[in-house]
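Structure first, then comments.
The values are calculated or read from the model by the stated rules, or taken from the named source; none is laboratory data. Keep in mind that what you see is a predicted model, and the values were worked out from it rather than measured. When we count neighbours, we look across all protein chains shown, and the Cβ atoms used for this are built from the backbone with ideal geometry, even at glycine. Quick note on the areas: whole protein, heavy atoms, side chains included, nothing else; ligands and nucleic acids left out. Shrake-Rupley method; radii C 1.70, N 1.55, O 1.52, S 1.80 Å.
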Amino acid sequence: MTTPPPRRPRPVWLRALLWPFQWLLALLILFEEWGWEPLRRVFARLARWPGFRQIDALIRRLPPYAALAMLALPAAALLPIKLGALWLIHQGHAALGLALIVAAKLVGTAFVAHLFSLTQPALMQLPWFARLYGRWTGWKEQLLAQVRASWPWRAGRVLKRQLRQRWTRWTRP
């Protein structure tokens, strides 16, 4: 297998045009990263209940393309809820609609994280999926490294540490 030729750097105007989109995408990815593991653990606890254990076992045994279809279920199931939230916003209930969208996002992320942990071995049997997943994780890690090296991120970490120290001193008996 030959390696592809190195890519030419993007022109400055294109980098400037893409910069806001990269940061918006980075924020979305950070939310997913922040929520993925804790929310997956919540669903994993639920999955220990007797009825759910059998369902998890069935999902683990799915063939690769059935596992791929299984990952589409949360998006399909939550679409009517998100459309209902948009309707609520249109009817003047913006806070309720926004709360419903946030709740759907949290539940959807938790469910997808749990499903992905169950189906990942089957999905990695698909050569194209394994290749795309490797590219995605590499690109995501590179983007997150840029965000974590940025001044706002570092300043936020310092502020968080200072606030935590103050809180600890204030609540200490």
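Scanning segment 61-71 for any residue that is out of contact with any strand residue (DSSP E or B) (no Cβ under 8 Å at 6 or more places or on another chain), under 30 Å from Pro127 (Cβ atoms), charged (D, E, K, R) and in contact (Cβ under 8 Å) with a residue 60 or more places away in the chain turns up nothing.
Across segment 15-26, a minimum of one residue is classified as exposed (fewer than 10 other Cβ atoms within 10 Å of the Cβ) and either at positive phi or at pLDDT below 80 (or both). Among the candidates Ala130, Ala76, the residue that is within 20 Å of the chain's Cα centre (by Cα), without any contact (Cβ under 8 Å) to a residue 24 or more places away in the chain, open to solvent by less than 60 Å² (accessible area, probe 1.4 Å) and at negative phi is uniquely Ala130.
In segment 48-162, counting only helices (runs of 4 or more DSSP H) that sit wholly within it, the ones holding 2 or more residues that are within 18 Å of Ile29 (Cβ to Cβ) span 64-90, 94-123, 127-149.
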